[in-house]
Structure formats: structure tokens, C-alpha cells
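Enquirer: The structure's right below; bear with me while I get my questions together.
Bear in mind these aren't lab numbers, they're just calculated from the coordinates by the rules spelled out. Predicted, not measured: the structure shown is a model, and the values here were computed from it. Positions of Cβ are backbone-derived with ideal geometry, glycine not excepted, and every protein chain shown enters the neighbour counts.
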Amino acid sequence: MADKDNILEELTQSEYKYGFISDFEADSAPKGLNEDIVRFISSKKGEPDWLLEWRLKAFRNWQKMKEPKWSSVSYPEINYQDIIYYSAPKQKVAPESLDEIDPELIETFEKLGISLQEQKRLTGVAVDAVMDSVSVATTFKDKLSELGIIFSSFSEAVKEHPDLVRKYLGSVVPMNDNYFSALNSAVFSDGSFCYIPKGVRCPMELSTYFRINAANTGQFERTLIVADEGAYVSYLEGCTAPMRDENQLHAAVVEIHAAKDAEVKYSTVQNWYPGNKEGKGGIYNFVTKRGICAGSRSKISWTQVETGSAVTWKYPSCILKGDDSIGEFYSVAVTNNYQQADTGTKMIHLGKNTKSRIVSKGISAGKSQNSYRGLVKVMKRAENARNYSQCDSLLMGDQCGAHTFPYIEASNNSAHIEHEATTSKIGEDQLFYCNQRGIDTEQAVALIVNGYAKEVLSKLPMEFAIEAQKLLAITLEGSVG
Amino acid sequence: MLNIQDLKASIEGNQILKGINLEVKAGEVHAIMGPNGSGKSTLASVLAGREEFEVNGGEVSFEGENLLELSPEDRARKGIFLAFQYPVEIPGVSTTNFLKSAINQIREYNGKKPMDAVHFLKHIKEKMKLVEIDQSLLSRSLNEGFSGGEKKKNEIFQMAVLEPKLAILDETDSGLDIDALRIVANGVNKLRSKDNSVIVVTHYQRLLNYIVPDYVHVLYEGRIVRSGTKDLAFELEEKGYDWIKEEFNSTPA
């Protein structure tokens, strides 16, 4: 008889391949958090007074707030005074072009498989890369600016387009929305800003790459995407971090504003370091992502492939304010070893004829815990709102857990809400069937998992879909018997 | 090609195969018949390497190699194909995609380069005609929502694509109407050659009208109790299995 669990354990031997540490000098704030640190960050970035005030207000709010405990993840108490809130790879002067960037930094990005040079020349993807706290380089800027598209680091946007930033910052995720968004608002260091003007279809994928490098450092980036009337943009975010024994905190905020007839597609491939096989180390990923379909017929689509982080707490949401607006959430969340994920979405229907669609595919292996938590809320004046939710869980082995917490609140009788949920296991039958056709177990798992997640993966831009498929296979390498 | 000697196998402590002897030469078609519970499907599963069964005696060699030492995937890569009695569903994976993975892993094992997309599609198209299978079926999730007949046809199609040396059909005829039966049998017949062999496991003689075997064996209580030509199948059809059982039970073991 095959010992299923043994095979399972054997198969969970995959190593995190992005775990290198780059060796360059960092310019850091001292550990800990107080008003001085907030001022330090703001002055480092040369920010205007209004933004400093905004940060301080957020900080004061945060001090009064308590860390949320309602999710089904557990982790040791975070000592917020033991974290470095600002760390920048040291650079003498602000870079004018890619040529001026520290070669070591460029090398780091090449290891990540995102050579900025290559990206610039070969692909149609514009990349903004954020290392620790600052944005390092933005490719393709010139080409985009011809169309009036602004795609830059957040700090740069604050300097060059203060009115736009001021208008939209905190408009979707208010600074005191929750504990982590308040923290982010106080100490956010950098991130990406994107503005697509009226009627413009962004001709290429815009992409941000985040990496935490320095030890004991939190990464608090802020992304703000504004699509004006009739605009379209597809945006991708990727994340990695080195392997470290200590846990690192990542508390980002992403805000999306879609005006009338605008469409924003936001895709994430999250591969933060998940900790080792015994559950030591890894990233705490506490992220607030929210978009507002402000105008009629606007559309926001979230697609996420979550394979990393020790603890994930993340609910990309849509506020469907405009009539006939559409919100979508497609998610694959994989947990292995001791990872914990509590993720899902909120769809808030405010406008008439608003539609939302939720497809969540959880995959749990090892001793991990994977929860879907979602809210579909139909407000009083949201006539004819429609929602379809599908929450599937796939289990590998018998030591992991999958949980589903769907919340539905409908205050309008015309609402149509459908919810489907399934739980399945990769069967020995399926594996043997593949084996009998000459396909080894590892590839069989990859095949079955990719088949299971197909509906979500197919929503990703082509090149990232392929990367995501590989990532799924690597994450689950050897996790089934 | 295949040589089975005194093969014994059990599952969860129940001895199912109690000493099977069988030799299958290249180009031959053997039918294994027998009443329910005689061990026919167990034999097919053990040959394919299903791990729930514990082999606790005997030897099996395939082209001179010890088959029992090989993993299921390596057996497949060496040319053993099992058409499943109950084909398994794999949601989100099309037959085409599945077979592409299979063909390329088999090729890699045998030191060949992966088949490029153009050749693969050409190969698939040829075999589709052979087993009268529809393109739309191949792009759907493997076996998901397939009718019983579609599943069996798909098994034979996979066999045609993978071109095994030894095909084992495990009750491929069960649940098929007469038309589907004919298509399945035609598919098998077209693949018969002097180089490859087929073991047909069946409960009924019906399939053997279409796939004419060189030898027929009757399995009962985990042993082959009688072997003959296709006439034996007719005899079984006429008289049922009871006389075999009686004969066997009256003979001192």
C-alpha cells in the first residue's frame, strides 16, 4: 500500500527560489514608530505639508485603533516598535535614467526575471519596480506620456501631479478604514501611481514589482490607479522577498478609481516568502485593496494568484456605485506547509443593474489553512443587482484545512444572488490515471491543479498566466500522494 | 512480450490472485473472461501498477524486464496501456492537453524530443478518424460529463494516440450500446499489428464477435482454470460460468 501522507510530505519539498539577499547599502530609519518617524519619512521624500498632515492624522488614528482579530489566521503578536519603517537602497542622487541605477540593483531585478533593460526593449510591459521602500525605475515612461498616461512612482507623482494625487488619495480606502490601512497611510514609503486620461486605452500592460530586501523592514506601498471616463488599463503586480527567519510585515493599500465607462483590470501574482517548511519566517501580508466603479458602466476586475506569504489577509473589493457597473474577483490562493490565508472579496452594490462575479479557488496542502471570506452586499437603491459566486476548495492530504465564510446582505428584493461551493480532494484515482498515461506524479499534480484553477488563470494576461502556472507547480511540488 | 508466472496479489489482506500463469506474444490478442469477482480487473490493475494491490508472489516480465519493479508511469512509458473500466474525470484539463503531456513525457523517457504542436495536431487528427471521435469532445474537460460510451471511446482514442505495445482493455464493453461497441472494436482492430498485443478483459462474449481473440482464458477464484481458442468463448456464452465453477470446485485443490 502506498503511504499517501509520506508521499505528500516528500512532495512538499519545494524551495523558494527567490530567496536571495541583495547586498547593497541601505539608507534606513531607526526601528520603531512615532510621529518623528512619520516626519522623517515625509521629509526624506520631500513631501508637501498637506501630505505630512495627512500622514500624521492617519498615525493618530492608528494609535487609537486595535489590530483586527476576526480573521481565521493566527500569528504571534506583532511588535510594531521593532520594525524599520523606511529603508532605501542607498543612491547618491536621484536617478535620471536606467543607466544611473546601481548595477547591483539591476542585477537583483534580473534575478527576479524582470530585467528592466530587457523589459524596456523587448516586451510591451511597462514596469515600476519597488525595492524595500522606494521605487527604483519606471520603464516605458516616455512612450506612455505621449498618450497622456501617467505611470510613475508614488513619490514622483506627489511632486509632479500633486493635484491628482491629492484628489484621489484616500478616496477609496479612507485613511482610517482599518488598522492596517491607517498604518499604511501614516508610513507608506512608495508605490505606483497611474492615471489614464479620458478615452485612452493603455496600449500595454502596466506592471509593478515589489520586493522586500532589508531585514526587519516593513513594506508599506501605496498604489493608486485612476481611469478617467472611457479609459482602459490592465495592471499587474508581482511580489517576492528574500528568505529570512524573522517575519516581515507587508501592509499595502491599493486604490482604484474607475470613472464612467472606464475599465481597470488588476492582476496580482503574489509570491512573498512563505516561511520554511517548519513555518519559520515568511511575510505577513495584510493588504487593503479596493476599487470604486464611480461612473456608470464602469468595470473593475481583480485577478489574484496568491502562492506566497506566511499569513495573508486580503480582500480586494469593489464598490459598485455607478449604474450598470461591474465588479469581478478571480482568485487562486495556494497554501502549503504552515501557510495561512484568509482572503476573499467584498462586492458592495449601490447602483442600479450592477453585477458582480466571484470565482475563488482555494488550494490547501501540507498543514496549511486556507479560508475564503466574502461579502456580497446589495444596498436599498441597487435595483436588479446580480451576483454570482463560486467558491471551490481543493485539498491535498489530510492535515490541511479549507474554510468558506460567505456573507450575503441584500436590502433590495430585486437582487439575484447565486452562490456555489465545492470541496474536493486530488484523488489517488486521478493520479493513477495520469501515471498510467506516462505522466509522473509531480506533473500530474501540476496538470490537475492548473485545470482546477483554469477559469482564474485564463483571466491573467498571457505571459503572466504562464508564469502563474509554473508558480503553482513549484509551490505544490511534491505535495500530493 | 509479456510473461506472467505464478502471480499472486492481495488487497487489504484478501488474496485475489492466487497464481496466474500467462504468456502473451507479440501480435496476439488474448481474452480474459470469468464471472464477477474472479480477479479479472485486479489482474489488469496489477499489470498497470496500481499500488493498492500488494503483489505477494510470482513474477511478471515485459520484454525481458521485471515489470513489477517499475513505477506505473514507467510501465506506461515502456508501452503498457490500460483502458480503464471507470475512466477518471479531470476537470479543466482537455483530452488534447492531457495527451500532449502524456506523449511528451513518454518521449522524454525514451530519449526523444518533445513532439511539436503541428505534428501533434496532425497525429491527433489521424487518430480521431480512426475511432470516429469528435473534436468537440477532445476540447472538453477530460471525461467530465461524458456519457459512458464517450468515456470508453475516449479511452480507445487515447490508446490510438499513445500507440502502446501492450493494450489492456478492462471491461471496455460494459455499458456500451451496439453501435459504440462496434466503433470501439473497430478502433482496436485497426491498431492490431504483428508488433503489438492486446489483452481484452470482459465478462461477455459479445465484444469477442468484433475483436476476435487468438486465445481465451477463463479466470475463476484468482486462477486461470481453462484456456482455449475463441470457441471457448462461445461455449461460455451458451452454458454460462456455472459448469466451470462446478468443475473447479469438484477438483481437489
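Enquirer: Mind checking the alpha-carbon convex hull of the range B:155-253 and giving the volume per residue in Å³?
Expert: Per-residue hull volume (Cα only) is 111 Å³.
Enquirer: Can you spot the lysines whose alpha carbon is less than 24 Å from B:K113's alpha carbon? Ignore those fewer than 8 places along the same chain.
Expert: A:K470, B:K78, B:K100, B:K122, B:K125, B:K127, B:K165
Enquirer: Here is a follow-up. Between helix B:178-191 and chain B, what is the angle of the helix's C-alpha long axis to the longest principal axis, kept within 0 to 90° and rounded to the nearest 10?
Expert: With both axes taken from Cα atoms, the answer is about 80 degrees.
Enquirer: While we're here: At a 10 Å Cβ-Cβ cut-off, how would you order B:Y220, A:Y85, fewest neighbours first?
Expert: On the way: B:Y220 21, A:Y85 27.
Fewest-to-most Cβ neighbours within 10 Å comes out as B:Y220, A:Y85.
Enquirer: Relative to the longest principal Cα axis of chain B, at what angle does helix B:95-109 sit, 0 to 90 degrees, rounded to 10?
Expert: Once rounded, one gets 80 degrees.
Enquirer: Just the Kirkwood number for the range B:2-250, please: inverse of mean 1/r across all distinct Cα pairs, in Å, one decimal.
Expert: Across the range B:2-250, the inverse of the average 1/r is 18.7 Å.
Enquirer: Which of the listed residues, A:T354, B:N143, B:H217, is farthest toward the dipole's positive end in the protein assembly as shown, when Lys, Arg count +1 and Asp, Glu count -1 at the beta-carbon?
Expert: Working it through, the farthest residue towards the positive pole turns out to be A:T354.
Enquirer: Just rank B:S38, A:S145, fewest to most, by other beta-carbon atoms within 10 angstrom. It would help to have the intermediate numbers written out before the result.
Expert: On the way: B:S38 25, A:S145 12.
Listed from fewest to most nearby Cβ atoms, that is A:S145, B:S38.
Enquirer: At 222 nm, what value in deg cm²/dmol follows for chain B if DSSP H runs of at least 4 each add -39500 (n - 2.57) and the sum is divided by all its residues, to the nearest 500?
Expert: Working: 9 runs with 97 residues, N = 253.
One gets -11500 deg cm²/dmol as the mean residue ellipticity at 222 nm.
Enquirer: Separate question: On a straight-distance basis, which lysines could pair with B:K245 in a cross-link, Cα separation under 24 angstrom, same-chain partners fewer than 8 positions away excluded?
Expert: Partners within reach: B:K8, B:K18, B:K40, B:K230.
Enquirer: How do the peptides A:325-338, A:63-76 rank, highest first, by the average count of neighbouring beta carbon atoms within 10 Å per residue?
Expert: Top of the packing list down: A:325-338, A:63-76.
Enquirer: Now for a separate question. Can you give the translational diffusion coefficient of the range B:1-83 in µm²/s, computed by Stokes-Einstein from the Kirkwood radius over Cα pairs at 37 °C and 0.692 mPa s?
Expert: Diffusion coefficient, whole number: 251 µm²/s.
Enquirer: Now, a different point. Would you work out if the range B:123-199 is rounded, prolate or oblate? Take a ≥ b ≥ c from the square roots of the eigenvalues of the alpha-carbon gyration tensor; rounded if a/c is under 1.5, else prolate when a/b is larger than b/c, oblate otherwise.
Expert: Oblate.
Enquirer: Same structure again: Using a cut-off of 20 Å between alpha-carbon atoms, which lysines can reach A:K321, once sequence neighbours fewer than 8 places away in the same chain are excluded?
Expert: Correct list for A:K321: A:K167, A:K198, A:K260, A:K265, A:K289, A:K299, A:K346, A:K352, A:K355, A:K377, A:K380.
Enquirer: When the Kirkwood radius is taken over all Cα pairs of the protein assembly as shown, what Stokes-Einstein diffusion coefficient follows at 4 °C and 1.567 mPa s, in µm²/s?
Expert: The calculation lands on 45 µm²/s.
Enquirer: Could you compute the net charge surrounding A:T343? Neighbours are other residues with a C-beta less than 9 Å from the C-beta of A:T343; K and R count +1, D and E count -1.
Expert: 0
Enquirer: Take B:I11, B:I16, A:I256 and order them by how many other Cβ atoms sit within 10 Å, fewest up front.
Expert: The fewest-first ordering by Cβ neighbours comes to B:I11, B:I16, A:I256.
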